[in-house]
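Asker: Okay, handing you the structure first.
The values are calculated or read from the model by the stated rules, or taken from the named source; none is laboratory data. These numbers were taken from a predicted model, which means no experiment stands behind them. A quick note on method: Cβ atoms are made from the backbone with ideal geometry, for glycine too, and the neighbour counts reach across all protein chains shown. For accessibility, only protein heavy atoms count, side chains too; no ligands or nucleic acids. Shrake-Rupley method; radii C 1.70, N 1.55, O 1.52, S 1.80 Å.
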Amino acid sequence: MNNMDEVKLEPILTRPRRQMSDSKQKKWNKSGRGKIEHPQLVKAALPRKKTSIVTVDTSKAKSNLDVVRSCLRELGWREYPFGRRDFPCDIYWNTATYQDSGDVCSGKVNKFPGMSELLNKINLTRALDLLTQLVPEEFDFYPETWFLPQQYFQFSATVKSRMEKDPKYSPTFIVKPDEGSQGEGIYLIKDPVDYVMNQRNHVVQEYLSKPLLIERMKFDLRVYVVLASIEPLEIYICKDGLARFCTVPYSKPTWKNLDEHYMHLTNYSLNKHSSTYVHTDSEDNGSKRSLTSVLRQLEDSGYNVTHLCTEIERLIIKTTLAIAPELKIHYRAAVPIGKAGPTCFQILGFDILLLEDLKPILLEVNSGPSLRIDYEQEVASGVYERVISAIDDEIKHPLVRDTLLLIAPKNKLKKRVKRDANSIETLESPIEDDQEIQKYPEESCLEQIFPAKYGPEYNWLRILERVSAIYQLCLGVKGTVSCKMGLTGFRAFTRRCKLTSQTELSTAEIDILYIELMKKWDMSPDKDRNLTQGLCYQGFMEGFLQIAHKKFPSSNKLDTVEQLIDYCESNLELHNYRLGSSILPRVPLTKAERRMDELKNIYGNVPSSLKRPEYFLDYQSFPVESLRNHRKHKSRTGRSNHGNSEKAKEGFSDSDDHEPH
Ligand code: ADP
């Protein structure tokens with residue numbers, strides 16, 4: 001079954017198919033796919049023609065399958081539940097990661113490479129912290145966070161000093177495992193000494209003890225966002241979402257109620273086990289409600305909901321812009337420029353808590369929000385059955401359907417003339433002019449918030465893309481694959497951007513900065529391994545901020561960064577590629593650099609001792625002989641003396657790190 005090219009399931013059983021000619025049958029058998037012996041399956045495995053209907057591979061859709069399948073049925077598109085071999089599909093829908101779709105080289109995949117790592121609690125916090133350093137007033141929607149165990153002493157020292165300053169200060173903290181989800185492993189503490197150190201990394205945040213309550217219950221909002229494209233960046237918000245309620249009335253945290261998860265944590269996956277959880281088909285009562293019904297209720301109570309919605313949209317844009325540069329780096333590592341590959345889109349779930357004064361606070365961003373539209377119901381004692389959850393279906397079905405419509409190839413979309421509650425009527429001819437295509441977003445539950453609504457307001461945040469372009473340019477070949485910058489890459493960055501000088505930053509200072517950044521940004525317990533692995537983009541960004549502050553001191557941090565970006569871009573001769581064309585091509589290699597690459601292909605890595613500037617200036621004079629001798633000597637002794645002395649000078653090994661050109 002796995003070997004065959006799949007076609008729409010139902011028609012296989014019902015629709016009569018044409019018989020294969022003998023020669024075709026032979027060819028088919030030769031291709032290895034003719035192993036299927038059951039006559040009906042052989043027919044089903046016939047290669048199909050490229051179709052004008054949108055095709056969707058759902059072979060990895062797993063828990064998303066129900067909702068995706070029901071949307072495909074509504075749209076009349078073709079589903080390939082076991083994948084397709086004869087032609088690529090237009091859309092690949094995975095539950096988990098980009099890698100699940102294998103070697104796809106066209107179409108659209110519903111996951112970005114690296115997204116789940118970028119959105120884990122530590123990474124997200126770091127991305128937002130960096131921007132908080134630059135513009136604190138814009139990023140006050142995220143709780144103060146420490147990483148444990150690394151920042152334990154910083155955490156307890158901060159708490160102690162605040163307590164000394166204000167004797168009434170009696171905080172509560174929430175400890176969460178870095179890669180945890182669904183409330184798993186979360187606990188509240190009153191004192192830093194109560195932190196339980198184990199094998200996992202955690203984040204600890206001040207517990208926000210004054211949430212807005214409805215009917216005395218704490219709740220949070222799940223807002224769905226579609227990242228439709230990364231180059232150019234396009235962000236859509238779903239007009240409806242969910243509100244998830246606790247199942248025990250809220251009281252401020254005290255020593256007595258710290259362990260009451262049903263009171264403090266709003267996760268559905270926890271609260272559904274509570275005896276007081278209310279499943280209902282109604283959207284405005286029960287433990288899970290629609291976002292719009294909650295907003296309506298707040299509006300009726302006199303809250304300024306329009307302002308709240310704007311604040312939520314801004315929070316979403318700023319968070320997405322904070323992770324976008326690194327996302328591009330991961331995308332380019334998976335699909336290098338010039339290599340055929342799919343483009344990506346992704347549905348994200350933003351979890352937002354409202355405070356008493358209606359201020360929205362970002363709790364986390366889910367890279368794979370649940371798209372389940374059913375739940376388990378006990379129909380008789382001990383007997384469970386999966387039943388459709390009306391509220392989930394009502395929100396998630398339009399979300400998935402309109403996401404599919406948004407990213408489907410436009411030339412395959414039919415003119416839609418009418419949509420009522422259950423159906424979309426289509427005309428036979430495909431849409432030809434743009435005007436007609438634009439009908440879709442108007443009807444859609446998705447609204448573009450970037451760039452359409454807030455593009456000009458947040459253009460300044462795109463300085464991040466410029467820093468990431470500089471980072472990418474200096475990553476080197478190995479770094480481009482691992483998305484990490486080695487010491488040689490970092491040195492190359494400072495050298496090529498003319499940042500090192502006797503008076504400002506010495507080479508030694510640059511090396512020390514690199515080591516310090518590595519120590520700070522490396523979360524792995526295996527320190528030595530990671531020192532050779534390299535610096536992530538966020539670590540580089542922090543180094544960039546530090547250099548900017550040193551080179552262009554000014555009270556306005558944003559200004560200093562912009563000045564350094566301008567300076568680096570002019571030295572890297574990047575002015576022609578400034579924002580606008582968001583894909584920055586690599587700077588062409590010089591003759592000497594090409595020569596070095598050729599030599600590298602022949603002899604492997606070129607030892608640092610031979611990478612002298614004079615060889616770059618006059619590549620013809622490159623001492624090929626000495627390189628040969630070096631290799632011979634190395635193969636005889638099994639190690640290179642020369643290389644070792646270099647390593648000793650540098651303090652640690654970076655020999656396998658390609659020097660970027
Ligand atoms: P998980 O990924 O395990 O769901 P979250 O960060 O979403 O972890 O936290 C789980 C729940 O804990 C949230 O839904 C929210 O109800 C509560 N929570 C998380 N952080 C805070 C905080 N800083 N203050 C108050 N409540 C919080």
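Asker: For region 358-412, what are the residues that are in a loop (DSSP other than H, G, I, E, B), on the phi < 0 side of the Ramachandran plot and in contact (Cβ under 8 Å) with a residue 40 or more places away in the chain?
Answerer: Scanning region 358-412 gives Lys359, Ser367, Gly368, Pro369, Ser370, Leu371, Arg372, Ile373, Ser389, Ala408, Pro409.
Asker: Output yes when any residue across region 331-340 is at positive phi and open to solvent by 60 Å² or more (accessible area, probe 1.4 Å), and no when none is.
Answerer: Yes, the conditions are met somewhere in region 331-340.
Asker: Among the residues that make up region 363-372, is at least one of them more than 16 Å from the ligand (Cβ to nearest atom) and touching a strand residue (DSSP E or B) at 6+ places or on another chain (Cβ under 8 Å)?
Answerer: Within region 363-372, one or more residues are more than 16 Å from the ligand (Cβ to nearest atom) and touching a strand residue (DSSP E or B) at 6+ places or on another chain (Cβ under 8 Å).
Asker: Now for a different question. Can you tell me which residue in region 217-243 is nearest to Ala452 (Cα to Cα), limited to those that are open to solvent by 30 Å² or more (accessible area, probe 1.4 Å) and assigned to a strand (DSSP E or B)?
Answerer: Checked region 217-243; the qualifying residue nearest to Ala452 (Cα to Cα) is Glu234.
Asker: Also, quick follow-up: Just to be sure, is Tyr98 in contact (Cβ under 8 Å) with a residue 40 or more places away in the chain, assigned by TED's automatic domain parsing to the domain that holds Leu208, more than 14 Å from the ligand (Cβ to nearest atom) and open to solvent by 10 Å² or more (accessible area, probe 1.4 Å)?
Answerer: no
Asker: Can you name the condition, by its number, that Thr310 falls short on among (1) in contact (Cβ under 8 Å) with a residue 40 or more places away in the chain; (2) open to solvent by 30 Å² or more (accessible area, probe 1.4 Å)?
Answerer: Thr310 satisfies every listed condition except (1).
Asker: With the requirement that a residue be polar (S, T, N, Q) and open to solvent by 10 Å² or more (accessible area, probe 1.4 Å), what does region 108-159 give you? If you could, list the steps in order and put the result at the bottom.
Answerer: Filtering region 108-159 for residues polar (S, T, N, Q) gives 110, 116, 120, 123, 125, 132-133, 145, 150-151, 154, 156, 158.
Within region 108-159, Ser116, Asn120, Asn123, Thr132, Gln133, Thr145, Gln150, Gln151, Gln154, Ser156, Thr158 qualify.
Asker: Which of the following residues is within 19 Å of Tyr277 (Cβ to Cβ), among the aliphatic types (A, V, I, L, M) and at pLDDT 95 or above: Val204, Val248?
Answerer: Val248
Asker: Is at least one residue of region 360-372 over 20 Å from Gly183 (Cβ atoms) and open to solvent by 50 Å² or more (accessible area, probe 1.4 Å)?
Answerer: Among the residues of region 360-372, not one is over 20 Å from Gly183 (Cβ atoms) and open to solvent by 50 Å² or more (accessible area, probe 1.4 Å), which makes the answer no.
Asker: For region 268-292: of the residues being within 14 Å of Val223 (Cα to Cα) and crowded, with 17+ Cβ neighbours inside 10 Å, which is nearest to the ligand (Cβ to nearest atom)?
Answerer: Only one residue tops the list, namely Lys288.
Asker: Continuing with this model, one more query. Report whether or not Phe112 is in a loop (DSSP other than H, G, I, E, B), closer than 28 Å to Ala228 by Cα and in contact with a His (Cβ under 9 Å, 6 or more places away or on another chain).
Answerer: Yes, satisfied.
Asker: Looking only at region 442-452, count how many residues are of a type outside the set (Val, Ile, Thr) and within 15 Å of Leu227 (Cβ to Cβ). Give the steps one after another, and end with the answer.
Answerer: Of region 442-452, the ones of a type outside the set (Val, Ile, Thr) are 442-448, 450-452.
Pick out the ones that are also within 15 Å of Leu227 (Cβ to Cβ) and you get 446-448, 450-452.
So the answer is 6.
Asker: I'm checking my understanding of the structure. Among residues of region 182-223 that are of a type in the set (Phe, Trp, Tyr) and near the ligand (Cβ under 9 Å from one of its atoms), which one is nearest to Pro253 (Cα to Cα)?
Answerer: Tyr207
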